[in-house]
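First the structure, in the form of structure tokens, and then the observations on it.
Computed from the coordinates by the stated procedures, all read-outs in this text should not be read as laboratory data. Just so it is clear, the structure is predicted and the values come from calculations on it, not from any experiment. Using ideal geometry, Cβ is built from the backbone for each residue, glycine included, and neighbour counts are taken over all protein chains shown.
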Amino acid sequence: MVRRARPVLSSLGPVTLDRTGVEPLHRQLYRALRQAVIEGRLRPGERLPPTRALADEWGLSRNTVVTAYDTLLAEGYITGKVGAGSFVASALPDAPPQGGPGRGDARRGVGLSRRGVALAAVGGDMRDPSGRPFALGTPDLNAFPFAVWAQLLARSWRVAGRGLAVDPDPLGHPPLRAAIAGYLRAVRAVRCEADQVVIVSGAQQGLSLVAQLLLDPGDSVWVENPGWPGNRAALLGAGARLVPVPLDHEGIDVEEGVRRGGDARLALVTPSHQFPLGVTMSLRRRLQLLDWAAARDAWIVEDDYDSEFRYAGPPLAALQGLDGAGRVLYVGSFSKALFPALRLGYVVVPPDLVGAVRAARRHFDGGTSIVPQAALHRFMADGHFAAHLRAMRALYADKRAGFLRTLDRCFAGLGRAEAGEAGLHALVHLPEDRPDRTLSALAKRVGLTVPALSDYYTASERRAAGEEPVGNGLMLGFAAHEAEALDRAARELADLAAAMA
């Protein structure tokens, strides 16, 4: 094995490139430069050598160096100044470096378990609570009746304060569970009774709870590809082996899932509004998935994260309502319907699992805080919840229609905008000569939160081999912003895209 090491910069120290190894040279160079930035050997504002000079010094092709620099630029480790060169960024990216820590990596925690290593390697949170344009997962908080909510919080404590102060039912506040069950039966055609509803601290905790109960380490799980990184993290935390399954216009490709992992223990799907592509699972695929689960004695977790905001007809019936074999667990949340900091969600479990879930909640955390549950029960029982959803559905429909017109106008010739039939975000598909991660990094530096679609994909090994296509586009949230702000931000983003040509 031939290796070559010599200093590239005085502050970089020796770098070893393995020219006979499997890893491409541009990835080796990228990792070496990134590590020098993280460790402070390359300091903020320090100028990197020109790509041609570095290529000549190392006997590399200039394209190899350019690719390494482009990756660093896309991840926010360096910045580019026209006519001046490339410089170390003044602030490192928020997300952890790719690749995951080793067991002895003191910077990321000594002695991580294999699960811990896998969790740490999952991409960072794609949401942004700063309120910057296009941030995902944030509803219009200006339209929420916080005065009513405050009154209900006070009323709940005043009327039942002593009762709320004792140990709660680990499955949640019984009146709230009954209200949720009634709502789901009427609006989502979910088959459930109140004792099947488990209140959790957000949908992520619900998924983690389900994974801990149903999966053994090493069990295979189908995950939609692309999909939400937080869901993958919850499954990895239970020691699952993820089987990425591609999607098409009908949703998850069940036949491909069987081909890749027909013995999977569980499938995690978002049938009503897939994230991030926005497609709706067809009835044919739903029935295929249910047949597979029944035949394999497998489980299905239905993540119904924002089905309340559907703009083409009434809300769709849930997959769980079609299940006659008791194989579907239904997960929902109030984060988008009300406000994210509420941190209340729910899981509808088959009757046979209720006892196990009760025991797990008692031992894991004792249950979710009861005070906001009591207020939410009154919010639903008094009609505020239904009225708020009606108002927000109309508000978001107007915002969505105007936003799509804005994107069509601003990105004419630069990309193609689309939005699913539900949800609070739109997609702009980009041509290959405008890489989404590079444009996302450029947008972040001018104050826009625009996650790259390609960041939601898994199975990088297959992508590198060209066996599985990866989307190239941008994710744009519209719910939390007024039309004027969205218009200004869209024009600014389009100008950045145009300048990349």
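Some notes on this structure:
- Nearest-0.05 FRET efficiency for residue 56 and residue 354, computed from C-beta distance (R0 51 Å): 0.15
- The range 290-350 - share of DSSP beta bridges that are antiparallel (%, nearest 5): 50 percent
- Top positive-direction residue, dipole computed over the chain with Cβ charges, set 164, 288, 207: 164
- The chymotrypsin sites (Phe, Trp or Tyr not before Pro) found in the range 267-334 that occupy coil by DSSP, while having at most 16 further C-beta atoms within 10 Å, are 311.
- To the nearest ten degrees, helix 203-214 and the longest principal axis of the Cα atoms of the chain are 80 degrees apart.
- Cα gyration tensor category, rounded, prolate or oblate, for the chain with a/c compared to 1.5: prolate
- Taking the range 165-378 and dividing mean pair separation by its residue count, relative contact order in percent (alpha carbons under 8 Å, at least six apart): 27 percent
- When +1 charges are put on Lys and Arg Cβ atoms and -1 charges on Asp and Glu Cβ atoms, the dipole computed for the range 387-499 relative to its Cα centre reaches about 300 debye.
- Extended-chain gain in nm, criterion 0.36 nm per residue less alpha-carbon gap, residue 295 and residue 341: 12.6 nm
- For the range 231-266, the residues whose backbone nitrogen is under 13 Å from a point 7 Å from the Cα of residue 216, taken along Cα to Cβ, are 265.
- The chain - charge dipole about Cα centre, Lys and Arg +1 at Cβ, Asp and Glu -1, debye rounded to 20: 1100 debye
- Nearest-0.05 FRET efficiency for residue 158 and residue 282, computed from C-beta distance (R0 45 Å): 0.35
- Residue 433-residue 495 FRET efficiency (beta carbon distance; Förster radius 22 Å; 0.05 resolution): 0.85
- Given their separation in residues at 0.36 nm each and the Cα-Cα distance between them, residue 263 and residue 46 gain 72.9 nm when the chain is fully extended.
- Cα→Cβ-extended label distance, 7 Å offset, between residue 488 and residue 141, nm: 2.0 nm
- Bridge orientation summary for the range 164-263: considering DSSP beta bridges with both residues in this region, about 25 percent are antiparallel.
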